[in-house]
Amino acid sequence: MIDLTKEQEYVLSILQRWYKKPKRQYVTLGGYAGTGKTTLISLLREDLKKAYPELIVAFCSYTGKAARVLEQKLTEAKTKQKQDSVSTIHSLVYAPITNDNEEITGWKKKDEVKADLIIVDEASMVDSEIWNDLLSYGIPIIAVGDHGQLPPIKGSFNLMEKPDLRLEQIHRQAEGNPIIEISILAREKGEIPAEKFGRGVEKFLRSSDDAQMRISDLLERVDEETLLLCGFNATRSRLNAHMRSLKEFFTPEPKIGDRVICLRNNHEKNIYNGMLGTIKSIESDGEDGYFARIQMDDGLDYSGSIYAPQFGNKEGINFSNERAKIGKRDLFDFGYALTVHKAQGSQAKRVVLFEERSSHMDDDMWKKWLYTAVTRAEEELFIVGK
C-alpha cells in the first residue's frame, strides 16, 4: 500500500471528481521533482479502472525518451492496462504522409484519436500549436509538468505557469535523494554550497586547486548518457569545440559521428527544438547547406537539408536577415554541450553543469534556471561553480 501525503490525497480526489464530471476539457497538474507526480497518475489510472473497466487512456510525452521512462514506471506499478497506449505526443496526434516508395514526406493531423482520456507528461514543453491540436479531439486531458522549471524557450504559451493543481511536498520516498536535496536548495534559495552531497553528486569551485584536472576528467567521460550544460552560448561553443577535439575533429565542418542538436521545430519532419542526435552521413548540397542523415536519440531517422552557417555559431541565426538563405533547410548545431534553456525536455544519467548566471536574470529566474539544470540529472550530478 502506497503511503500518500495529504496533498497527494487531495489532488487525487480532485482528479477523480473532475473526470467523473468535468467542468472543463482539461486540468493542469504541476509538481516539483520528488513530489510523486507519476505515482499519483498511476493511482488515478488504477482507480479509473475500477469505475470504468473499458476506459482507454493515451499516455504521452514530448520526447521519445520521456515516453519510454513513463511506460517503464507505469509497467513497474502494474497500472498500465492492455488497451492503453504510451507514446510521444507527435505519434499520438499526427500520421505520416508517404510517397510511392513508402518514404515519409511529411505529417498530418489524425482524424481521430482512440482514447477516452489523454494524460500528457512533461507538459511544460508543449507549444500552443500542439496543445490546440490535442484539444481539437474533444477528449478530456490531464496535463502534468513541473511548475518550478523555466518557461518554454519561445512564445508566451506555458501550461505550467499557473497549474490548476499543485504538488509541492517532497514525498518520503524521495527524501534523502541528494539530487532532490540540491533541487530544493536551487528552487528555494538559488544557491548550492560547494560540497559532496552523495556518491556522484557534488559541487566544486573553479578556483579550487584540482579544478582543472577534475573538469578535464569529467569532459573525457562525457558520453550519450551525459548532459553537458552551461548558461552562455559562448561557453557552449567553447565546450563543443573542446569535445570535438577529443574526437580529433579539428575542422569547423560537421562530420559523421558528430553530436548535434535541433534548433527549430519542423512538424513535417517530426523534429523539435532541443532534440539531440548523431550524424550518420553528411555531404554538401550547395554553398550554404548539407544533406545529412541524423539518428535522433528518440529513434527517429532524420534525413534532409541543414543550414551550414549555424554550426559553431555562438548565437542562433537571425531569421529576419537569413530567412531567404535558410529556405526550407533545418537548423542544427553541435550538440555536445547545451544551454540549460535548450535542455528543458532532456534528462540523462549524468549531468555536468557549469554554473553561469546572466546579468539579465532576476533572482526568481535564476532559481528556475538552476532548478531546471539540476533536475536534468537522474543519477549523477557534478556542478562547477565560480
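Only bridges whose two residues both fall in the chain count here: according to DSSP, what percent of them are antiparallel, nearest 5?
On the way: 29 of 68 bridges.
Rounded to the nearest five, the antiparallel share is 45 percent.
If each DSSP helix of 4+ residues adds -39,500 (n - 2.57) and the sum is divided by the residues in the chain, what number results at 222 nm, nearest 500 deg cm²/dmol?
Numbers: 10 runs with 111 residues, N = 386.
That comes out to -8500 deg cm²/dmol.
Run the dipole for the stretch 140-224 about the Cα centre, Lys and Arg Cβ at +1, Asp and Glu Cβ at -1, nothing else charged, and hand back the magnitude in debye, nearest 20. Present the calculation step by step, with values, prior to reporting the outcome.
Values: 12 positive and 16 negative charges, 45 e Å.
With Lys and Arg at +1 and Asp and Glu at -1, about 220 debye.
Could you work out how much longer the chain between L135 and K108 gets when fully extended? Use 0.36 nm per residue separation minus the Cα distance between them, nm to one decimal. Write down the numbers at each step before the final one.
Working: separation 27, 0.36 × 27 = 9.72 nm, distance 1.57 nm.
Stretched out fully, the L135 to K108 stretch lengthens by 8.1 nm.
Tally Lys/Arg at +1 and Asp/Glu at -1 over every other residue whose Cβ is under 15 Å from the Cβ of D3; what's the total? Before the final figure, lay out each step's value.
Details: positive: K6, R172; negative: E7, E9, E175.
Taking every Cβ under 15 Å from that of D3, the sum is -1.
Determine the alpha carbon to alpha carbon distance for each of K73/K110; K23/K367; K37/K196; K108/K314; K23/K49; K6/K162 and list only those over 25 Å. Don't skip to the end; give the middle numbers.
On the way: K73/K110 28 Å; K23/K367 34 Å; K37/K196 28 Å; K108/K314 34 Å; K23/K49 21 Å; K6/K162 21 Å.
The answer is K73/K110; K23/K367; K37/K196; K108/K314.
Report, in cubic angstrom per residue, the convex hull volume of the C-alpha atoms of the stretch 1-128.
Details: hull volume 18.2 nm³, N = 128.
Value for the stretch 1-128: 142 Å³ per residue.
In whole angstrom, how far apart do the alpha carbon centroids of the stretch 353-368 and the stretch 154-216 sit?
Rounded to whole Å, the Cα centres lie 13 Å apart.
Counting only protein heavy atoms and a 1.4 Å probe, tell me what percentage of the stretch 53-145's accessible area is made up of carbon and sulfur. Walk me through the intermediate numbers first.
Working: 2090 of 4500 Å².
Taking all protein chains in place, the stretch 53-145 shows 47 percent carbon and sulfur surface.
Where both residues lie in the stretch 30-187, what percent of DSSP beta bridges are antiparallel, nearest 5? Let's see the in-between values first.
Working: 5 of 20 bridges.
In the stretch 30-187, DSSP labels about 25 percent of beta bridges as antiparallel.
Counting pairwise Cα distances across the stretch 254-386, what percent come out greater than 25 angstrom? List each step's numbers first, then the result.
Values: 2829 of 8778 pairs.
Summing the P(r) of the stretch 254-386 above 25 Å gives 32 percent of all pairs.
Roll a 1.4 Å probe over the protein chains and send me the accessible area per residue for the stretch 223-323 in Å². Walk me through the numbers on the way to the answer.
Values: 4880 Å² over 101 residues.
About 48 Å² of surface per residue is accessible.
Expressed in nm to one decimal, what extension gain is obtained for the pair L205 and Q83 from 0.36 nm per residue of sequence separation less their Cα-Cα distance? Walk me through the intermediate numbers first.
Details: separation 122, 0.36 × 122 = 43.92 nm, distance 5.13 nm.
Result for the pair: 38.8 nm of gain on full extension.
Nearest 20 debye, what's the magnitude of the dipole of the chain about its Cα centre given +1 on Lys and Arg Cβ and -1 on Asp and Glu Cβ?
Numbers: 55 positive and 60 negative charges, 150 e Å.
Once rounded to the nearest 20, the dipole reads 720 debye.
Would you mind computing the Rg to Rh ratio of the stretch 137-278 from its alpha-carbon coordinates, Kirkwood style for Rh? Let's see the in-between values first.
On the way: Rg = 19.4 Å, Rh = 19.2 Å.
Using Cα coordinates only, the ratio equals 1.01.
Once fully extended, how much extra length lies between Q25 and S216, figured as 0.36 nm per residue of separation less the alpha-carbon to alpha-carbon distance?
Working: separation 191, 0.36 × 191 = 68.76 nm, distance 5.13 nm.
The span from Q25 to S216 would gain 63.6 nm if fully extended.
Let me understand the stretch 206-261 better: what is its radius of gyration from the alpha carbons, and its Dmax, in angstrom?
12.2, 37
Mind checking which of T63, P53, Y336 is farthest towards the positive end of the chain's charge dipole, using Cβ charges of +1 (Lys, Arg) and -1 (Asp, Glu) about the Cα centre?
Positive-most Cα among the choices belongs to P53.
Describe numerically, in nm with one decimal, the distance between label points set 7 Å from Cα along Cα→Cβ at A194 and at L246.
My value for the distance between the label points is 2.2 nm.
The values are calculated or read from the model by the stated rules, or taken from the named source; none is laboratory data. Values in this document were obtained by computation on a predicted structure and should not be read as measured data. With ideal geometry, Cβ positions are generated from the backbone for all residues, glycine too; neighbour counts draw on all protein chains shown. When the accessible area is computed, the model is the full protein with side chains, heavy atoms only, and any ligands, DNA or RNA have been set aside. Shrake-Rupley method; radii C 1.70, N 1.55, O 1.52, S 1.80 Å.
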